[in-house]
Structures are given as C-alpha cells and as structure tokens.
1. Can we say residue B:193 is free of Cβ contacts under 8 Å to residues at least 24 places away in the same chain and either part of a helix (DSSP H, G or I) or out of contact with any helix residue (DSSP H, G or I) (no Cβ under 6 Å at 6 or more places or on another chain) (or both)?
2. So for the stretch B:84-94 (the condition being within 16 Å of residue B:232 (Cβ to Cβ) and among the small types (Gly, Ala, Ser)), does at least one residue qualify?
3. Consider residue A:317 carefully, then state whether it is modelled with pLDDT of 80 or more and within 14 Å of chain B (Cβ to nearest Cβ).
4. Give A:32, A:27 a once-over and let me know the one that is crowded, with 17+ Cβ neighbours inside 10 Å, out of contact with any strand residue (DSSP E or B) (no Cβ under 9 Å at 6 or more places or on another chain) and within 14 Å of another protein chain (Cβ to nearest Cβ).
5. All but one of (1) surrounded by fewer than 19 Cβ atoms within 10 Å (Cβ to Cβ); (2) out of contact with any Pro (no Cβ under 9 Å at 6 or more places or on another chain); (3) of a type in the set (A, V, I, L, M) hold for residue A:181; state the number of the condition that does not hold.
6. Going through B:169, B:220 one at a time, which residue ends up being in contact (Cβ under 8 Å) with a residue 60 or more places away in the chain, over 17 Å from residue B:72 (Cα atoms) and of a type in the set (Val, Ile, Thr)?
7. Please go through the stretch B:47-56 and give me each residue that is away from chain A (no Cβ under 14 Å) and either closer than 29 Å to residue B:176 by Cβ or buried (at least 24 other Cβ atoms within 10 Å of the Cβ) (or both), ordered by number.
Amino acid sequence: MDKRVSFIRSLLQPLLAVIVGLAAGAVAIAVVGGSVLETYAEMWKGAFGSFYFFTNTLSRATPIILIGLGVALAFRAGFFNMGSEGQMVLGALSAAITALYLPGPAWLKLVAALVAGIISGGIWSAFAGWLDAKYRMNLLITTLLLNYIATLFAGYIVSYPLKDRTGSAAMAQTMMIDKSVWLPKLFKGMSLHGGFLIAAVCAILLFLFMRYTLKGYEIRMLGGNPLFASYGGVQRGKMMLLSMFASGGFAGLAGSIEVLGTQYRYLDGALTTPGYAWSGIMATLLAGSHPLGTAVAAILLAALQTGGMGMERNTEVPLEVSSIIQAVLILFVSAKITYSFIKRRKARS
Amino acid sequence: MDQLFDVSLFASTLRLVTPILLAALGGALCARVGLFNVGLEGLVLIGAFSAIVGNHFTGNVLSAVLFAILCSLLFSVLFGYMSIHLRANVIVVGIALNFLALGLTTFSLRAIFDVKGAYYNKDMVGLPKWDIPLLKDIPWLGDVLSGHSPLVYLSILIVILLQLFLFKTVTGFRLLAAGENATAAKSLGIKVTRIQYGAVLMCGVLCGLAGAQLSLGNVTMFTEGMTSGRGFIALVATMLGQSNPLGVAASSLLFGFMDALSIRLQGFALPTHFTMMLPYVVTIAAMLFFKDKGYMQEARKANESSR
C-alpha cells in the first residue's frame, strides 16, 4: 500500500509543479496584456494541435530526452554534471566530421558517426570527472567552464579549418552530410526522425539498468550514501569516471542525433541557441532523476517550447512566456525536494 | 609586447574585475556561513537588467543602481528562504535561480523594451567616471587608477571593510562561527539563521552592484545572458581566495586581467575563439594550481550528497 501511495505522490508532485508553472505563465501573459485562455489554447495547438505539430514536438524532445538521461545518471551517482552543452556540441562536431570524411558504406558511416559522438562527449565529460577524482577540482564548476571551451573550440573548427566554402551562405558550418547517411524520417514530410526511437529505447534501457543490474545498484548507492558505498567496496574514483563517461556519452549522442537527423551538418550555434542542454537538465530535475520520468518531462518541456512558438505566431504574447513557466517549474521542484526532506526529518524525530 | 601590455590594458582590467570581484565577495560571505551560492550568476544578471530598467524609467544613475540592488536583494531573499528556511539543496536552488533569472530577464526584455537579444539606447547615461585628484597626475599610475566608475572604487573599499568586519569585529567572528559549526554556534546563543540571512542579503546587494557595473559601467546596454559565466568565474574566485576578502580580491584580479587580455588580443591576428576561451582555460588551470580544501568541507557541510 505504501508503494502505491508513493507512486501516486510521485505523479502528483510534477502535476502540481505544472499547475504552478502555468499559473505563473498566466500572470506573465496577463502582464503583457494577452488573454490567458486564448493564449494557452494557441500554445496547446502549437504543441499538439495536429499530427504535424505533435511530431514536431517529439523531434524537439529527442535531444532533450537524451541529455536528461545523461544528467539523471550522473545525478543518481551524486554528481552534478552541468557540462551537457559542451559534451553535446563536441559529440555533434565529431559526428559531423565522421559522417563527412570516413570512407565506407553509408550504414557504417552512420553507426561510426553515432559512436564517435558518444565517445567524444563521454571523454569530455570524463575529463571533468578525472579532474575531480584526481585533483579534487569541483565538478560543478569545471563542467560549467568546459562548456564555454567546447563551444568556442567547435566554433573555431567550423569557422576556419572545416568551414563550408562550397555554398554561397557565409555561415560557420561544415559541409552538408551526404543524404545516404541521414537518419531516416519516421513519417513522410514530418520532422520526426529515427533518433526519437533511439532516445526512447535509451530511456527504457537506462531504467532497466539502474533498477536491475549490479552496476546500477552501485551507482544508486554511491549517490544515496557515499560513505556506505565506499564501505561496501565501491571505488568512488572509478565509478565517477564511468558514470561521467556514460553521462557525457548520452549528451554526445544527443548532439550526433541532432546532426544526423535534423541539421545534416554542424552549424555553429544551432545546438546551443535552443538551449537543449539546459532543458535536459530541467527535465531531470523535474522528474527527480527517474529515467522514464525524465523522458516524459522532456516531452513536456519540448511541448512548452514548440507551443510557445505557435503562440507567438498567432498572438501578441512573446515566446519567452515559455521560459518563465519552465523556470518556475524548476523552482517549484527544488521546493519539492524540500517537501520530502521535511517528511524525512519528521519521520526521524 | 609593448603594444599589448600598455596602460589601457591595466585600466580595463580594473573595470572588468569589478563585477567579478563584487559577486565573488558576495559568494565568499555565503560560503563563510556555509551556503555554497551557485546562484551568483543569476543574481548578477538580475542586477544588470534591473539597472538598465531603472535607468530607462528614472533617467537617474543613482536610482538605477539602487533599483538594481533592490531587485537582486529580492532574489537573494528567495534564495535564502529556499535554502535556509525550507532547507532545500542549495545547489539545486542556485541552479533554479539561474534559470529563473535568465527566463525573467529575457521575458522582461520583450515585455518592457519590446526587443529581442539586446537593448541599447544611446540616450541612457552610464555610471560617471571619477577622476581622482592628485592620483590622476601621477604619470603611469594615474592613467590606470583614475577615471573609473564610482563602483570600481567602492568595490576596493568593500574589500577592506569586509576584511576588517570578518576578522576584527565580534559580529564577524559570530558569522565565521555560524559557518564553521552551526550547532556549536547555536549552543552559544548565536542566532545562526539570522546571520545566514544577513550574509545572503548582503550577497544580494553586492551582486546588484556587480550587475550595475556590468550593464552601466563601460557600455550602457543589456544583452540576454550578458553575464556569460562571470558568476561562475566569481565562484571560482571565491574558492581560490579561500573566502578571504583579500584573497578573493587577488584571484578576481587574475580573472579580470584575463578578461581584459582576451578582449585586447582580439585586435591581433589571433582567431577570436581562442582569445575568448582564455579566461575559462586560465580559470580551470588556476583551480588546478591553487587547491583549496576549505570550500569542499563547506559544500559538504551544507549538503552531504552534493558531491
């Protein structure tokens, strides 16, 4: 019975957060002088109004899901990985380079590009983990700072050595990847691509991994109680490198899927401007690091964003209302953690 | 080399160091009471934006700065309430605060000024430049030290005052005690929560000033996310300086110098990407060389499972 109550509560909390977020959004809409109901109706239409918009939302959710999963894994192990943006960018860049320059059949290029993305994102993330494990440098700060270095480095690569000089557009981008290497679209004429399936499978696999495998248990133990974990023989340094590599690998995969499924090239700023990485972190916080919950939260956040775009097309209300709703959601989530903390304290005394 | 290290480089160092220094001092105060404030970035961003808003509506620089302080103060109250009163995870609250600051400022930029990305108005008056009498007549030194905004000089004053406050006054010692061991401090009758709130509020004031210097100091404009990681660099400065005002000032100077150098190097033939990378690379390198275990204990104390 206890299990059922806690299950219902775990559903109730995010729902409550959504309601509070929407209420804050309503205030913001009223401030700029829009009609709340009408605006939200437009928002709904923009996100789920037609099959086209729905698939659009799902394709926007794809990188957010993957990044959220990576961050969730690190959170579960007790590490704050704030470096998803840099990991995603490096993953995207190496995927683009692999797909462009690796010789061989198309399927091999595709697989190699995905793997290259995972590896480079993972190494960049594990580097921060290594700095922490070896030199005790604060992971939260190093991952944040490495973001700037990674995006600037990728920006340099596509502005100078690998810049696309064939087309007339003077943009900082690589050449277009050959059509045979693209991730297939799921429906004709829609933006949704095979990457979404990969993300969905990853969410389920991570859920099973965390719940039913020994390594998953060790990771949860390390996050839940580091002292107990080390007493039980879990090596913190090694686990840190492993979980940070996996965490960055997810972010790198997110970047490479964006490149192979949507952009078809690495375009400077195309991944950082929509704020995929930060949405991913928000999704994780919203779902309390639960893999499946993270996926659902990611779709919700993506819906807020695509809905916001639809709203801006059809009303006077600016798109940024979405970012207010998202921020309030997250703030409410930190209160949610508080709520469980108070409960725990009560139970103890 | 002479071209690179000239007077204006050092003068701009002093200008650029101020936002980092003020925010870092705020962070140091929070760290001293056992709160690891990741929300510095958001607080500074709020300060920068509200300074522009205040300037736009009142046309008065002083009231703009006061408005910036007020808004950052409100946000720091939120931070304090969540992390002290509700005992939420300080790091999560800090991150949430950064999100909220970014979302609110971009939204308000659209709602108030009806622009996207950046707001610039050439009629706005920035902070005045003060020429210090006597000092400005000294040949080299005068050019470096004179002609800055009042906030630059204020920040230097704050460093000294804070150093004296923390290590020479009774209240300062109580503050240190509250951070060092909250339970022991409480048993001596020190009002730990009140001291923590005081530190957080002071941090809000300092971050408001930092934001005002950022948006009204050298350029009178606001761009989305214009802090671009300075809050986090300030956090590193806090750690490197071991939350000691003088130490924080020294490490902030290093980062400010790197900031100035990176802007200066853009005039040379180097790709801007690498020059922009410089402050972040140096920050990471500095973390490697100046290891500080103190902040880790503080972070641990504040939140057992944060790391």
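1. no
2. Checked against the condition, which is being within 16 Å of residue B:232 (Cβ to Cβ) and among the small types (Gly, Ala, Ser), the stretch B:84-94 yields at least one hit.
3. Details: modelled with pLDDT of 80 or more: yes; within 14 Å of chain B (Cβ to nearest Cβ): yes.
Yes.
4. On the way: A:27 fails: crowded, with 17+ Cβ neighbours inside 10 Å.
Just one listed residue meets the conditions, A:32.
5. It is condition (1) that residue A:181 fails.
6. On the way: B:169 fails: in contact (Cβ under 8 Å) with a residue 60 or more places away in the chain.
Just a single option satisfies the conditions, and that option is B:220.
7. B:47, B:48, B:50, B:51, B:52, B:54, B:55
Here is a yes/no grid of residues against (1) touching a Ser or Thr at 6+ places or on another chain (Cβ under 6 Å); (2) surrounded by fewer than 24 Cβ atoms within 10 Å (Cβ to Cβ); (3) under 24 Å from residue B:241 (Cα atoms); (4) among the hydrophobic types (A, V, I, L, M, F, W, C):
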position: B:28; (1), (2), (3), (4): yes, no, yes, yes
position: B:31; (1), (2), (3), (4): yes, no, yes, yes
position: B:45; (1), (2), (3), (4): yes, no, yes, yes
position: B:58; (1), (2), (3), (4): no, yes, no, no
position: B:105; (1), (2), (3), (4): no, no, no, no
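The values are calculated or read from the model by the stated rules, or taken from the named source; none is laboratory data. Please read these numbers as outputs of a predicted model, since none were measured by experiment. Positions of Cβ are backbone-derived with ideal geometry, glycine not excepted, and every protein chain shown enters the neighbour counts.
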